[in-house]
1. Here is a list of conditions, (1) within 16 Å of the ligand (Cβ to nearest atom); (2) buried (at least 24 other Cβ atoms within 10 Å of the Cβ), and ILE8 meets all of them except one; can you say which number that is?
2. Criterion first (of a type in the set (Gly, Ala, Ser) and modelled with pLDDT under 95) does ALA117 satisfy it?
3. Among the residues of the range 146-169, count how many are touching a Phe, Trp or Tyr at 6+ places or on another chain (Cβ under 7 Å), of a type outside the set (Gly, Ala, Ser) and away from the ligand (no atom under 14 Å from the Cβ).
4. Every residue in the range 63-98 that is in a helix (DSSP H, G or I) and among the hydroxyl-bearing types (Ser, Thr, Tyr), please.
5. Give the range 170-190 a look and list any residue that's away from the ligand (no atom under 12 Å from the Cβ) and in a loop (DSSP other than H, G, I, E, B), or say none.
6. Of everything in the range 191-223, what is of a type outside the set (Gly, Ala, Ser), within 12 Å of the ligand (Cβ to nearest atom) and within 17 Å of the chain's Cα centre (by Cα)? Give them in sequence order.
7. Contact list please: Cβ distance under 7 Å, first residue in the range 104-120 and not assigned by TED's automatic domain parsing to the domain that holds PRO50, second residue among the small types (Gly, Ala, Ser) and assigned to a helix (DSSP H, G or I), pairs at least six apart or on different chains.
8. Considering each residue of the range 11-57, count those that are under 18 Å from GLU210 (Cβ atoms) and more than 10 Å from the ligand (Cβ to nearest atom), and give that number.
Amino acid sequence: MPRVFSGIQPTGDPHIGNYFGAMKNYVRLGEEHGKNSIYCVVDLHAITNPAAHDPSRLAERTFEMAVANFAAGLDPSRVTFFVQSQVPEHQELSWVFTALTPVGELERMTQYKDKTAELESIPAGLLMYPVLMAADILLYKADTVPVGEDQTQHIELTREIARKFNHAYGETFPEPQAVYAKDALRIPGVDGHGKMGKSKGETSTLGILEPLDSIWQKVRVAPTDPARVRRTDPGDPDRCLIGDYHKLFSDLPTIETVYAGCRTAGIGCVDCKKMLMEGVRRELEPLQARAADLRSDPDLVRDALEQGAREARAIARPVMEEVREKVGFLKSR
Ligand code: AQP
């Protein structure tokens with residue numbers, strides 16, 4: 001039985017990178033695989049980044065991340081959706097994998113290098129992040145993992161950990177495959193500085209729950225093709241992040257119009273940005289209305305998360321029992 005797993009960090013407001021890069025695939029795979037599509041808000045991961053961790057806001061951000069996913073179309077009665085820290089087996093399996101994983105391999109992870117480049121003191125949790133991620137996935141024996149391209153290396157390490165465990169203790173875990181959204185592999189930040197990311201702060205992100213006025217203020221000043229200095233200069237939409245965003249939000253005729261208009265200088269950058277906002281409004285307004293409805297009944301959201309944790313534990317417990325037995329721990333009577 002194919003099983004899908006993915007997690008999303010409550011390190012800030014979900015943005016269009018999360019939405020097009022991962023969340024839309026959660027919904028699509030959820031429709032195909034029902035309760036065998038398992039998603040969680042990975043709050044244990046969120047505390048590994050000291051710059052992004054604010055204990056007074058973690059619970060609220062976790063709740064909001066669930067609201068965002070439900071508003072984006074995930075139905076918790078049809079898929080399994082829960083909060084990672086409410087299923088303690090994730091940490092238990094992670095420790096077993098820690099014992100199998102060489103430190104050198106963890107130090108080679110690009111995300112680890114990026115996130116620690118400017119830290120004076122590096123929390124061990126940042127190094128162990130991909131081990132916990134491997135435990136998240138393998139605890140459910142998932143074979144399909146919808147993620148953005150930035151997670152490729154972590155999924156490869158997960159496969160390696162599965163191989164090592166199977167070799168040491170006998171065939172237990174599948175080697176999972178990443179599934180990418182092909183038009184949204186790595187959505188650039190609206191500030192023009194690399195990948196859009198929550199931990200980079202609000203200047204990088206366009207939040208899916210962000211008021212449209214605020215989105216427009218960021219889009220208005222966003223950098224475009226640097227070759228287009230004057231309105232009359234032709235531009236290259238493939239070198240412009242607004243061009244990238246049109247591919248996410250606009251219909252085909254609009255994309256063709258703005259791409260041709262940019263190349264011939266027939267359309268200026270401000271008009272191109274205004275046309276983008278029409279697509280943004282069309283996509284996000286209904287989603288934001290659903291989020292407002294969900295927030296008005298927080299107990300409903302909390303009940304769904306607790307039910308999700310019960311469903312997840314029903315799968316996780318027997319897998320952990322199998323692992324404990326294979327590793328050789330003394331069984332409690
Ligand atoms: N820019 C992106 N383009 C495509 N996919 C993306 N994802 C994240 N950013 C992009 C995918 O979203 C899922 C959840 O990832 P996350 O919770 O780790 O999101 P994040 O914004 O990357 O969070 P961080 O770690 O707080 O931010 P940064 O990147 O700034 O360090 C994943 O499947 C991810 O691939």
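The values are calculated or read from the model by the stated rules, or taken from the named source; none is laboratory data. The structure presented is a predicted model; accordingly, all values stated were derived computationally and were not measured. Using ideal geometry, Cβ is built from the backbone for each residue, glycine included, and neighbour counts are taken over all protein chains shown.
1. Just one mismatch for ILE8, condition (2).
2. Working: of a type in the set (Gly, Ala, Ser): yes; modelled with pLDDT under 95: yes.
Judged against the criteria, ALA117 is a match.
3. The qualifying residues number 3.
4. SER85, SER94, THR98 - these are the residues of the range 63-98 that are in a helix (DSSP H, G or I) and among the hydroxyl-bearing types (Ser, Thr, Tyr).
5. GLY170, GLU171, THR172, PHE173, PRO174, GLU175, PRO176
6. The answer is LYS195, MET196, LYS198, LYS200, GLU202, THR205, LEU206, ILE208.
7. none
8. Here is the first cut: in the range 11-57, the ones under 18 Å from GLU210 (Cβ atoms) are 11-24, 52, 57.
Retained after the next criterion (residues that are more than 10 Å from the ligand (Cβ to nearest atom)): 24, 57.
Looking only at that region, the number is 2.
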